[in-house]
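Worksheet: one structure, shown below.
The numbers here are math on the coordinates, done by the rules we state, and not lab data. None of the values given here were measured: they were computed from a predicted structure. FYI the Cβ positions are ideal-geometry reconstructions off the backbone, even for glycines, and counts take in every protein chain you see.
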Amino acid sequence: MAILQVKQLSKSFQIHHLQKKMQAVKNIHFSLHKGEFIGIVGKSGSGKSTILKSIYRTYLPEEGEILYESARFGCLDLAKATARQIIYLRKHEIGYVSQFLNVMPRITSRQLVENALLEVDYPIELAKDRAEETLRHFDLDEALWDAYPNTFSGGEKLRLNISIATVKKPRLLLLDEPTASLDAISKEKVRQIIEKLKRQGTTLVGIFHDLAFMEGLCDKVFEMEAQQTNTFVKDRV
Amino acid sequence: MFEQPLLQVKNVTKKYGAGCQKCMSYCSTKLIKNYCSTCRTVYACRNVSFDLYTGEILGIVGESGSGKSTLMQCLYFDVEPSSGIMYFDHPGLKEKNLFHLSAQQKRLIRHKKFGMVYQNPIHGLKMHYSAISNIGEKLIAAGDRNVAKMESIGNMLLREVEIPVFRSKEKPLHFSGGMQQRVQIAKALSNNPPILFLDEITTGLDLSVQANVLDLIKNIQMEYGVSMIVVSHDLAVIRMLADRTLVMLDGEVIEEGLTDQILEDPQHLYTQQLVYSLI
């Protein structure tokens, strides 16, 4: 049973002051089953992130369907779901990790991870334990747990970001170049957590620059080919 | 629909002026901004509709004069809208248009169910009463009469917003802007209202106090599950607080959606300009 089916997805951006329409992706078509991990590779600007952001609804999909098998709503077209449904799914089912950390000011790393759990009504004690466990797993220096992340290094921010997104064990996890600024050891850590999540049945869609990293981790790899305005997704495996 | 909105606002219009045949029959795009050049009517809000759900923070952005504050004042019964409907999901009030209730009923809802924090503390506080009596005033208006209880609630709230208890008997007139704003928040919270209206609450505050206020608001949402409408022209504030956002221009809602979608994939010309202006 496919958990996510992207059908004929197209997205363009209407830029009013240029009176131009920029086609980002066209006729994207793929599907994945529960527990599968799909990797998307391609050049910068080929529309990899656009696909992820359309699924997460940071971008408003223009045409096509994104059918997601939700635990709460059943089969739902994310392209047409209401904002409130998306907010629910983001809280409970779908996680998103990017290279950027965008969080409330003056909240400590520990609180950020805890809050992610408290949001979905975890008991406070359990949330505390789970938060520490996750931060420890990602090797975030204990001295940073009670610090504010604004001044963290790129790698530290990223590890915190992944901690926040994975602590809830989402059903579907979208990874937008989560290893971009990490060293080899940290990458290995990310790999371990991805493998662990996979074993637990999390479905993943990921964008990576690092082909070696994806090797043996992804069930399928799609390559984006930008041909002027046409973008195709093709199966590499 | 998987949930019931707590507050439903439908087609709220507020016009200043009588309106004439021309502007009332025109569709909105034909007016110059929100002004009718024939009868000189100003349309502060035009057909504003939205839903507010339990525990959510709804952001409203828009340039100065786009009708954000007027809308808030309509919802809080400070200003009577020219037309429109507001439903509140509450026993005894279902299917009743709140705008058509008696003045007395409106006052009760305002004191017991709503809280408001104005952009300018002068509107929300009695500057010559002490901070704690400002809170007491709201409690008395809602029917409280026990002084000891009101005092303990007042002190608890002032502690919550980090106003030192030894200053609770001072007039807000002698407080800094940030402190006045926090006294207003404490006052708005005093009756545990399910709905809070926050109008430009961080405008004019320095970054550190702003972070405190944002933190406070987020905590209130998490702990008490209060629904809030946050008006701000500061997109960063909206991004931090709001799950969903409405964009207003010339009294109309021109765009609404998930906050990150509004900021990263704005659809309307004005919203795009707004986002490009972000520093």
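Descriptive notes on the structure:
- Of all DSSP bridge pairs formed entirely within chain B, close to 55 percent run antiparallel.
- Hz values of 3J(HN,Hα) by residue in the range A:107-119 - Karplus curve (6.51, -1.76, 1.60), Gly and Pro given as x: 10, 6, 4, 4, 5, 4, 6, 4, 4, 4, 7, 5, 4
- Degrees between helix A:154-166 axis and first principal axis of chain A (Cα, 0 to 90, nearest 10): 80
- Of the chymotrypsin sites (Phe, Trp or Tyr not before Pro) found in the range A:1-100, the ones in coil according to DSSP and having at most 13 other Cβ atoms within 10 Å of their Cβ are A:F100.
- Phi angles across the range A:75-80 convert, under the Karplus curve 6.51 cos²θ - 1.76 cosθ + 1.60 with θ = phi - 60°, into 3J(HN,Hα) values of 6, 9, 7, 4, 5, 10 Hz, Gly and Pro given as x.
- GNM flexibility winner over chain A from A:E188, A:E93, A:E156 (Cα, springs under 10 Å): A:E188
- Rg and Dmax of the range A:91-201, based on Cα coordinates, read 12.8, 35 Å.
- Cross-link partners of B:K126 among lysines (Cα-Cα below 22 Å; sequence separation of 8 or more within a chain): B:K106, B:K112, B:K113, B:K138, B:K149, B:K169, B:K171, B:K187
- Shown here for the range B:119-227: chymotrypsin sites (Phe, Trp or Tyr not before Pro) in loop regions (DSSP other than H, G, I, E, B) with at most 12 other Cβ atoms within 10 Å, of which there are none.
- For the range B:63-88, the residues whose backbone nitrogen is under 18 Å from a point 7 Å from the Cα of B:Y276, taken along Cα to Cβ, are B:63.
- Förster-model FRET efficiency, 25 Å R0, B:N97 and B:Q4, C-beta, rounded to 0.05: 0.90
- Treating r as the C-beta distance of A:K43 and B:N120 and R0 as 51 Å, the FRET efficiency rounds to 0.45.
- Rg and Dmax of the range A:14-133, both derived from C-alpha coordinates alone, stand at 17.4, 54 Å.
- Net length available on complete extension from B:T38 to B:C20 is 5.7 nm, with 0.36 nm assigned per residue and the Cα-Cα distance removed.
- Hydrodynamic radius by Kirkwood, which averages 1/r over all alpha carbon pairs of chain A, in angstrom: 18.4
- Annotation: amide H-H contacts under 5 Å for B:I57 (H modelled 1.01 Å from N, sequence separation of 5 or more, or interchain): B:M228, B:D243, B:R244.
- For the range A:1-80, trypsin sites (Lys or Arg not before Pro) are listed when DSSP marks them as loop and at most 15 other Cβ atoms sit within 10 Å of their Cβ; the list is A:K34, A:K43, A:R72, A:K80.
- Considering only beta bridges that DSSP places wholly inside chain A, some 60 percent are antiparallel.
- The alpha carbon radius of gyration of the protein assembly as shown, expressed as a multiple of 2.2 N^0.38 Å, is 1.06.
- Across the range B:42-50, coupling constants 3J(HN,Hα) worked out from phi with the 6.51/-1.76/1.60 Karplus curve, θ = phi - 60°, read 9, 9, 6, 10, 10, 6, 7, 9, 6 Hz, and Gly and Pro carry x.
- Additional length obtainable on full extension of the chain from B:E63 to B:E160, 0.36 nm per residue less Cα span: 31.7 nm
- Relative contact order of the range A:1-129, defined on C-alpha pairs under 8 angstrom at six or more residues apart (%): 22
- Chain lengthening between A:Q23 and A:I124 when straightened (0.36 nm per residue, less Cα-Cα): 31.8 nm
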